[in-house]
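The values are calculated or read from the model by the stated rules, or taken from the named source; none is laboratory data. The structure presented is a predicted model; accordingly, all values stated were derived computationally and were not measured. Here Cβ is always computed from backbone atoms with ideal geometry, including for glycine, and neighbour counts include all displayed protein chains. Heads up: the accessible areas ignore ligands, DNA and RNA and are worked out on the full protein's heavy atoms, side chains in. Shrake-Rupley method; radii C 1.70, N 1.55, O 1.52, S 1.80 Å.
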Amino acid sequence: QPEHLILDWTILAKRQLSWAIARIPSMKNLSLEGVPIQSVYGLHTCLCPQLHTLNLSFVRGLNDHAIREILSPPKDSRPGTDSKSRLRNLKCLKLSGTDITDVALRYITQGLQMLTQLDLSSCQRITDAGVCQIGISLNAIKTLYELDLSSCKLITEMSLDHLSKCEALTRLDLRYVPQVSTQAVIKFAAKSRNDLQVQDIKLVDKRKV
């Protein structure tokens with residue numbers, strides 16, 4: 001019974017994924033980077049393990065509808081399984097290079113109340129309004145400690161105001177975000193109560209002792 005399963009860049013059918021994950025109930029970490037979008041819908045079953053880490057980076061066609069679908073309660077049922085979303089205990093979600101917009105961030109902040117790490121790097125449709133969803137989420141404010149927004153071209157310095165509310169945030173990646181200046185990132189780190197510093201250009205991390 002493995003806890004980690006990596007199926008990156010495989011040609012996988014939806015029912016194949018459903019079949020596989022139903023037979024690994026103890027799995028905690030699943031990576032589906034670059035798989036066909038239809039495969040991802042195979043997660044929407046009551047037999048999906050309660051994952052801690054899910055990597056859906058570079059899944060072509062992964063959009064707001066797909067996020068809403070997989071985070072919603074499954075339509076099927078089995079004796080002994082509850083009716084809640086099987087992904088509700090996710091702690092780490094990686095969506096790098098996908099087609100999601102700010103709408104998906106509303107689904108994520110509302111549905112994943114234990115999320116500690118979120119990778120949105122190279123999500124070209126994410127704006128400050130999406131980051132605002134993180135800044136007003138009571139759960140995200142308390143639990144999210146790592147956020148990757150690198151190469152998100154539409155993000156501006158306004159997002160830093162939203163993220164300043166996140167009490168647990170200790171790592172923030174804003175590299176290759178042209179509308180956010182290095183000076184603004186330095187100022188953000190200096191104001192944080194978590195003893196942060198700029199480790200690299202626009203990369204904020206906890207100060208090493």
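For the chain, what is the mean residue ellipticity at 222 nm derived from helices alone (per DSSP H run of n ≥ 4: -39500 (n - 2.57); sum divided by total residues; nearest 500 deg cm²/dmol)? Working shown, then result.
On the way: 8 runs with 61 residues, N = 209.
Computed ellipticity for the chain at 222 nm equals -7500 deg cm²/dmol.
Listed here are the pairs Lys14/Lys165; Lys91/Lys206; Lys94/Lys208; Lys28/Lys191; Lys142/Lys208; Lys14/Lys206; which of them are more than 31 Å apart at the Cα? Working shown, then result.
Values: Lys14/Lys165 39 Å; Lys91/Lys206 19 Å; Lys94/Lys208 25 Å; Lys28/Lys191 36 Å; Lys142/Lys208 22 Å; Lys14/Lys206 40 Å.
Beyond 31 Å between Cα atoms: Lys14/Lys165; Lys28/Lys191; Lys14/Lys206.
With a 1.4 Å probe and all protein chains kept in place, how much accessible area does Leu93 have, in Å² rounded to the nearest 10?
10 Å²
At R0 = 22 Å, how high is the FRET efficiency between Met158 and Gln124 if r is their beta carbon distance? Nearest 0.05 is fine.
Numbers: r = 18 Å, r/R0 = 0.80.
E(calc), rounded to 0.05, equals 0.80.
Under a GNM of the chain (C-alpha, springs under 10 Å), which listed residue has the highest mean-square fluctuation: Gln179, Gln16, Gln110?
Gln16
Counting only protein heavy atoms and using a 1.4 Å probe, what share of the accessible area of the chain belongs to carbon plus sulfur, as a whole percent? It would help to have the intermediate numbers written out before the result.
Working: 5520 of 10370 Å².
Accessible surface attributable to carbon and sulfur in the chain totals 53 percent.
Find how many whole Å separate the alpha carbon centroid of segment 14-30 from the alpha carbon centroid of segment 149-174.
33 Å
Please say if segment 116-164 is rounded, prolate or oblate, where rounded means a/c under 1.5 for a ≥ b ≥ c the square roots of the C-alpha gyration tensor eigenvalues, and otherwise the choice is prolate for a/b larger than b/c and oblate otherwise?
Working: a/c = 2.11, a/b = 1.38, b/c = 1.52.
Oblate, because a/c is 1.5 or more while a/b does not exceed b/c.
Quick one: ranking Val59, Val103 by accessible area, 1.4 Å probe, largest first, what do you get? It would help to have the intermediate numbers written out before the result.
On the way: Val59 0, Val103 50 Å².
Descending order: Val103, Val59.
Determine the per residue accessible area of segment 54-209 with all protein chains present and a 1.4 angstrom probe, expressed in square angstrom. Working shown, then result.
Numbers: 7650 Å² over 156 residues.
Value returned for segment 54-209: 49 Å² of accessible area per residue.
If I take the Cα coordinates of the chain and project them onto the principal axes, what are the three extents in Å, biggest first?
That works out to 53, 30, 29 Å along the principal axes.
Is the C-alpha gyration tensor of segment 89-132 telling us rounded, prolate or oblate? Criteria: a/c under 1.5 is rounded; beyond that, a/b larger than b/c is prolate, otherwise oblate. Mind dumping the intermediate values first?
Details: a/c = 2.16, a/b = 1.38, b/c = 1.56.
Cα axes put segment 89-132 in the oblate bin.
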